[in-house]
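Novice: Supplied in structure tokens, the structure appears directly below.
Every number in this text was worked out from the coordinates using simple rules, so none of it is lab data. Keep in mind it's a predicted model, so treat the numbers as computed, not measured. Note that each Cβ is placed from the backbone with ideal geometry, even for glycine, and that neighbours are counted across all protein chains shown.
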Amino acid sequence: MTIADAPAPVRGLGRDWRHLWGAGALSTLGDGALVAAMPLLAAATTDDPVLVSGVTAAATLPWLLLSLPMGAWVDRFDRRRLMMAAQGAHVFLIAVLALLVTLGAARIWMLFVLAFGVGAAGLLVTGAGEALIVSVVPKSELETANGRRVATESILGEFGGPPLGSALFALAMPLPFWLDAAMFLLALMMITRIRAGGAVERSRPRGRMLAEIGEGLRWLARNRLPRTLTLIAGAGNFCETMALSTLVLFARDVLGVGSGGYGVLVAAMAVGGVAGSLVAGRVVVRFGGRPIALGVQLVIPLSWLGIALVGRSAVTVVALFTVFSLAVALWNVMASSLRQRLIPAELLGRVGGAGRMISFGAIPLGAVCGGLVADALGLVAPWIVCAVLRLLVSLLAWPSLRRWED
């Protein structure tokens, strides 16, 4: 799979979709470079696995702390304007980071602060962008749009960006961060070209923010299928981040992969996600959500268990992670389309925020736990622990998923 295989913007989905897709593609490419460059910068600053994983925790902590209020903002304000404001904040924060690295003034605590700010801006972009999709794409085309969105994220964010980021980092530390700032700036320009209004049509007057947040939480709590998928996603993200938060150290000390090859390793691990995302829309439509969800519950823990037991070479880890990432791509398209179809339009931001608080809020917790486990038991231990935990999650979720009626 190469970058040339990335799905082109689909004319049938309309002009606004092409601009939204283009903004997402540019932003994702910059993020992909950052995925490799930020851990490398942290590892160049300290060898402490707790501090290295702490950068990942800081970047994802907004998902836990800010998902609910930002979800309410998405339902209160114009979603396109929110995306523009958040993307502008992205540009500023990454430019500050790039300048600090250029001047040789970056310190680990600065990485924590800037990573948190970038994560908060990204949270708002994601929430507003996902809610905006239903304003620019017909519901009958949601699987197609989400399939192409996930494919783009996989190809550019996981397959294209990381090797680029690590290569630029090896050439000169500041380069990937300047690239990221430039990509966000171009994405901001694309968002300004979207014509569809992002204002939310409400069936009743706006209430107090806390009351509206509670409405989103109650909707999620009362609907079994979205609730079950959210809890599974949260547990899965916790386990995945536990292992990946110290991947840069695992790759260097266990697999023997240097800084120049780290991005290549990350990209190679994403091959399954790229392949899965290219066919996910058709597969979900063909087989339905229930078989996909059940199959994923088998594939993911077995993949993690394989890495934990025999993953001592880059080739083995890439092969097993390819199977895992393919399953995740199918899950993401299935779950995104289901949420957009089931959740009332005026609740998309709040219910999505509640779901992200649970599913993505588990990421910083997993990152902290991964660092602590690696520090206490070694760099292989997080993979073993997350494999066992993910297997338990699958066993607990299986009865509920079997009752799902497509």
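Novice: I'd like the distance between the alpha-carbon centres of segment 115-191 and segment 50-99, rounded to an integer number of Å.
Specialist: Here the two parts' Cα centres lie 13 Å apart.
Novice: Still on this model: Expressed as a rounded percentage, what relative contact order does the chain have, with Cα pairs under 8 Å and six or more residues apart?
Specialist: Normalised by residue count, the contact order of the chain is 30 percent.
Novice: Express the relative contact order of segment 52-134 as a whole percentage, based on alpha carbon pairs under 8 Å and six or more residues apart in sequence.
Specialist: Working: 75 pairs, mean separation 45.9, N = 83.
Answer for segment 52-134 is 55 percent.
Novice: Quick check on the exposure proxy: order Asp75, Asp180 from fewest to most C-beta atoms within 10 angstrom. Intermediate values should be presented prior to the final figure.
Specialist: Values: Asp75 26, Asp180 30.
Fewest-to-most Cβ neighbours within 10 Å comes out as Asp75, Asp180.
Novice: If you don't mind, another one. What residue among Ala72, Ala367, Ala376 shows peak mean-square fluctuation when the chain is described by a Gaussian network model with Cα springs under 10 Å?
Specialist: The residue that fluctuates most here is Ala376.
Novice: Using a Debye calculation, one point per C-alpha and no hydration shell, please list log10 I(q)/I(0) for segment 281-404 at q = 0.09, 0.14 Å⁻¹ in order.
Specialist: Result of the Debye calculation: -0.32, -0.75.
Novice: Further question: Once R0 is set to 45 Å, what does the formula 1/(1 + (r/R0)^6) return for the Cβ-Cβ distance between Leu298 and Leu99, expressed as a FRET efficiency to the nearest 0.05?
Specialist: Step by step, r from the Cβ atoms, then E = 0.40.
Novice: Taking 0.36 nm per intervening residue step and subtracting the Cα-Cα distance, what contour gain separates Leu396 from Val113 on full extension?
Specialist: 98.2 nm
Novice: When Glu346, Glu143 are ordered from fewest to most other Cβ atoms inside 10 Å of their Cβ, what list results? The partial results should precede the final answer.
Specialist: Working: Glu346 15, Glu143 22.
The most exposed by this proxy come first: Glu346, Glu143.
Novice: Separate question: Within segment 129-199, list the trypsin sites (Lys or Arg not before Pro) lying in a DSSP loop whose Cβ has at most 10 other Cβ atoms in a 10 Å radius. Present the calculation step by step, with values, prior to reporting the outcome.
Specialist: Working: sites: Lys139, Arg148, Arg149, Arg193, Arg195; in loops: Arg193, Arg195.
Answer by residue number: Arg195.
Novice: With a cap of 12 neighbouring Cβ atoms within 10 Å, and only residues DSSP puts in a loop, list the trypsin sites (Lys or Arg not before Pro) found in segment 204-273.
Specialist: Those that pass, being in a loop and sparsely packed, are Arg206, Arg208.
Novice: Ok, one more. Subtract the Cα-Cα distance of Arg222 and Leu377 from 0.36 nm times their separation in residues, and report this length gain in nm to one decimal.
Specialist: Details: separation 155, 0.36 × 155 = 55.80 nm, distance 4.05 nm.
That pair, Arg222 and Leu377, stretches by 51.8 nm at full extension.
Novice: Dividing the convex hull volume of the alpha carbon atoms of the chain by its residue count, what do you get in Å³ per residue?
Specialist: Value for the chain: 123 Å³ per residue.
Novice: Give me the one-decimal nm value for the distance between modelled label points at Asp48 and Arg286, 7 Å along each residue's Cα-to-Cβ direction.
Specialist: Result for the modelled spin labels: 5.1 nm.
Novice: Next question, about the same structure. In segment 62-122, what trypsin sites (Lys or Arg not before Pro) fall in a loop by DSSP, with at most 15 other Cβ atoms inside 10 Å?
Specialist: Arg107
Novice: Also, I was wondering about something else. Based on DSSP H runs of at least 4 residues, each adding -39500 (n - 2.57), what is the mean residue ellipticity at 222 nm of the chain after dividing by all its residues, to the nearest 500 deg cm²/dmol?
Specialist: Computed mean residue ellipticity for the chain: -26500 deg cm²/dmol.
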